[in-house]
6 protein chains.
Amino acid sequence: MIEYGDASAEVRAVYDDILTTRKTDYLNNFWKALAHDPVTLRRTWESIKQIMAPGTLDSVTKEMIYLAVSVTNQCPYCIASHTVAARKAGMTDQMLAELMAVVGMANESNRLASGYQVEIDERFKT
Amino acid sequence: MIEYGDASAEVRAVYDDILTTRKTDYLNNFWKALAHDPVTLRRTWESIKQIMAPGTLDSVTKEMIYLAVSVTNQCPYCIASHTVAARKAGMTDQMLAELMAVVGMANESNRLASGYQVEIDERFKT
Amino acid sequence: MIEYGDASAEVRAVYDDILTTRKTDYLNNFWKALAHDPVTLRRTWESIKQIMAPGTLDSVTKEMIYLAVSVTNQCPYCIASHTVAARKAGMTDQMLAELMAVVGMANESNRLASGYQVEIDERFKT
Amino acid sequence: MIEYGDASAEVRAVYDDILTTRKTDYLNNFWKALAHDPVTLRRTWESIKQIMAPGTLDSVTKEMIYLAVSVTNQCPYCIASHTVAARKAGMTDQMLAELMAVVGMANESNRLASGYQVEIDERFKT
Amino acid sequence: MIEYGDASAEVRAVYDDILTTRKTDYLNNFWKALAHDPVTLRRTWESIKQIMAPGTLDSVTKEMIYLAVSVTNQCPYCIASHTVAARKAGMTDQMLAELMAVVGMANESNRLASGYQVEIDERFKT
Amino acid sequence: MIEYGDASAEVRAVYDDILTTRKTDYLNNFWKALAHDPVTLRRTWESIKQIMAPGTLDSVTKEMIYLAVSVTNQCPYCIASHTVAARKAGMTDQMLAELMAVVGMANESNRLASGYQVEIDERFKT
């Protein structure tokens, strides 16, 4: 992991933008690990910055969708970091409980639909 | 698939509750396929009814989370049916676009975090 | 796909062993597609023949486990072919219903456990 | 995690039913973590109780199918806890070995079938 | 899907860059579907253009890695399009056969390692 | 785990072949864990030995494809061991960075293609 003090000017510029945009002085291990590849660091940050900015969906909704994906993929790092990020964006205990219930059920019914080889209804076809 | 007209009283009771709760006269193929196993049909419906009812999260947010999981798992039936369900609950084209962007990015960054074996930050530990 | 009549001696030897072992005169598309790579065809068949032979677990149990994996991975070809194979080995409608219920629930609870970052109980550690 | 002594009456009622049904005095971390959301705790337990009760499939077969899914999804908590549960239900070392061999092979052949874009045989279509 | 003739100036600029960079006059359905969200269309194309350009790894190696991921995820669209893309970049039948054999085996051994709860060797720790 | 000194003649024969083929005196935990099931140990080793031997694809390309699958599946053991194996076969930091970028992007675009229900282009059909 590349700490702020050891970072090249190129990496530090990305670090600074992360810290400023997120209004924090803490840099996640994720970024410090990516920093070994400054091209991927910059592209990933620019993409996340664009995608996660509030739009028609607000920040907490976007963070909850991010978390739903991470739970489905069972990525321990992403679950830990995005549970914290979603809470920071406003997710309460009750919202987390409802999110997890939906994620669990969707993972179940996805397999029932595929397992029983259910054909797509005509009206659902694009 | 078991059509409404061919359903047993037990199955018909579930069908009726689905149609009433959802204020529709159309029954998805998913339910007609599950109906071969009335126990699973009833349990799955009762669970989905409880989980998807508006709570702290409203219906459209719950449907979008459901869709995010289905896209991550790449379940064709579930993507088709829940894209329609989410639109019915209020998801606009712009909301779908933002949802898909978050789902795509989360699937990417999940692998970067796992692939680079990033350790969970102390402050993210429960 | 390489049909029996067009197969090289090397491929035909594998085809013959499949048909004899399985007591059938029908060759699945899976084998005809693999036949473009005779090395993988032979290795895959030899492995499957060894693994799926009745042992402490009987054929229907092995086929049901195979199907449970295929449903979890949502592989359409594998679900279609192994549902048929499991039925041929003795799986009834009721057994399929119970199998699918377990597969659905396991996929749900896997995400609840991972999503809530549940720590492994001391007594479950190897 | 909510310990038995700290649980509300609502949660304790579920805990008691788990301990009685399973004839044990040990409560898994999974339940203690779910207990923060009593609605999901109750629904999940009621579903698992119904699904995992011996039916046409006996307990050990159901536990092995559960384990096969957990291994495919690579859920560390679920693998650890359900390996123990399956052994308690009667799974021997040899049965575990055969289970793992089938799970491994199914995960391999699922990708060969999908990767080679094998078409579903007419006779396997529902 | 948005055809070239119906595209806005913004979308057409991306389409033109895709066609020029790839030295082709054929636009994949993937891009035409993404074009409903010009922001995601541009970001995705810019990222893919940067990532897939020959670097230390040549084009055919990158395309084969892309295909290996798509096969593992079992994405039918991606398998179909990237099998063609990899062949165009130089992948022969023999290379495809070796790729598929590795992908199949990795998917198998991933589950054996996780299922048997194998601890990471000290020397493999980062 | 079964150490070399405790292994049966049958297991030791496989261990010896692994050590000789790989020109090393270190045996991974993976093999020691598999050794409880000598049949699977032998079959898995014979398959891996055949598949990973340099062919049209050289060793480092095969190891990178193996790693790409392991990252996509998020198997911690496999990521740790195959990152080391790929480096031993010649993967540099720059090659790893390019590999990870492709793996991340493929995981993203797989979901965009599936989520938007993109139809397979006629010319990509087999």
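The values are calculated or read from the model by the stated rules, or taken from the named source; none is laboratory data. Nothing here was measured: the structure is a model prediction, and the numbers come from that model. Here the Cβ positions follow ideal geometry from the backbone for every residue, glycine too, while neighbour counts run over all protein chains shown. These accessible areas exclude ligands, DNA and RNA; they are computed on the full protein's heavy atoms, side chains included. Shrake-Rupley method; radii C 1.70, N 1.55, O 1.52, S 1.80 Å.
With only Lys, Arg, Asp and Glu charged, each at its Cβ (+1 for the first two, -1 for the last two), find how big the charge dipole of region F:1-102 is about the Cα centre; round to the nearest 20 debye.
For region F:1-102, the charge dipole is close to 100 debye.
Could you tell me the accessible area of B:GLU3 in Å² (1.4 Å probe, neighbours in place), rounded to the nearest ten?
Here the residue's solvent-accessible area equals roughly 80 Å².
Based on the alpha carbons, how large is the Rg to Rh ratio for region D:1-104 when Rh follows Kirkwood?
1.00
A:GLN94 versus C:ALA13, label points 7 Å from Cα toward the beta carbon: distance in nm?
Simple spin-label model gives 7.1 nm for this pair.
Among C:LEU19, D:LEU67, what's the order by accessible area (1.4 angstrom probe), most exposed first?
Details: C:LEU19 35, D:LEU67 0 Å².
The residues order as C:LEU19, D:LEU67, largest area first.
At 37 °C and 0.692 mPa s, what whole-number value in µm²/s does Stokes-Einstein give for the translational diffusion of region F:63-116, with Rh from the Kirkwood sum over Cα pairs?
Details: Rh = 11.6 Å.
This corresponds to a translational diffusion coefficient of 284 µm²/s.
For peptide C:80-88, what's the mean number of Cβ atoms from other chains within 10 Å of each residue's Cβ?
That works out to 3 on average.
Can you sort F:MET95, E:MET100, D:MET1 by solvent-accessible area, 1.4 Å probe, largest first?
Solvent-accessible surface, decreasing: D:MET1, F:MET95, E:MET100.
From the label point of B:THR21, set 7 Å along Cα to the beta carbon, how far off in nm is each other copy's matching point, shortest first?
Result for B:THR21, in nm, nearest copy first: 2.0, 4.1, 4.7, 4.7, 5.4.
Of all the accessible heavy-atom surface of the protein assembly as shown, with the other protein chains kept in place and a 1.4 Å probe, what percent is carbon and sulfur?
Of all accessible area on the protein assembly as shown, carbon and sulfur atoms account for 52 percent.
Using only DSSP helix segments of four residues or longer, with each worth -39500 (n - 2.57), what per-residue ellipticity at 222 nm results for chain C after dividing by its residue count and rounding to 500?
After summing the helix terms and dividing by the residues of chain C, the value is -22000 deg cm²/dmol.
Can you compute the FRET efficiency between C:TYR4 and A:THR20 using 1/(1 + (r/R0)^6), with r the Cβ-Cβ distance and R0 = 56 Å? Round to the nearest 0.05.
Computed FRET efficiency for C:TYR4 and A:THR20: 0.25.
Nearest 10 degrees is fine. How inclined is helix A:38-52 to the longest principal axis of chain A, computing both from alpha carbons?
50
Any lysines with Cα under 30 Å of the E:LYS125 Cα? List them, leaving off those in the same chain fewer than 8 positions away.
A:LYS32, B:LYS125, C:LYS125, E:LYS62, F:LYS23, F:LYS32, F:LYS49, F:LYS62, F:LYS88
How big is D, in µm² s⁻¹, for the protein assembly as shown by Stokes-Einstein at 37 °C and 0.692 mPa s if Rh is the Kirkwood radius over C-alpha pairs?
Value of D from the Cα-based Kirkwood radius: 123 µm²/s.
Could you tell me which residue in chain E puts its beta carbon nearest the axis mapping E onto A, with the distance rounded to whole Å?
E:SER47, 3
With every protein chain present, what is the per residue accessible area of region A:46-101 (1.4 Å probe, Å²)?
Accessible area per residue, region A:46-101: 32 Å².
Keeping every protein chain in place, order A:LYS23, A:LYS88 by accessible area at 1.4 Å, biggest value first, i.e. largest first.
A:LYS23, A:LYS88
If you average the alpha carbon positions of region F:32-79 and of region E:52-126, how far apart do those two centres end up, in angstrom?
If you average the Cα positions of each part, the centres end up 12 Å apart.
What is the sum of charges around B:GLY55, taking Lys and Arg as +1, Asp and Glu as -1, for the other residues whose C-beta is under 9 Å from the C-beta of B:GLY55?
-1
To the nearest hundred square angstrom, how large is the accessible surface buried between E and C, total for both chains, probe 1.4 angstrom?
500
Would you mind counting up the charge near C:HIS82? Only other residues with Cβ under 11 Å from its Cβ, with Lys and Arg at +1 and Asp and Glu at -1.
Local charge sum for C:HIS82: +2.
Over the Cα atoms, compute the radius of gyration (one decimal) and Dmax (the largest Cα-Cα distance, rounded to a whole number) for region F:85-126, in Å.
Both quantities, over Cα of region F:85-126: 15.5, 42 Å.
To the nearest 10 square angstrom, how much accessible area does B:THR56 have with a 1.4 angstrom probe?
80
Could you state the angle between the C-alpha long axis of helix C:76-88 and the longest principal axis of the C-alpha atoms of chain C, as a value from 0 to 90 degrees rounded to the nearest 10?
In chain C, helix C:76-88 runs at an angle near 80 degrees to the longest axis.
Mind checking the dipole of the protein assembly as shown: about its Cα centre, +1 per Lys or Arg Cβ, -1 per Asp or Glu Cβ, Debye to the nearest 20?
The dipole magnitude comes to about 0 debye.
Cα axis of helix C:93-115 to longest principal axis of chain C: angle in degrees, 0 to 90, nearest 10?
50
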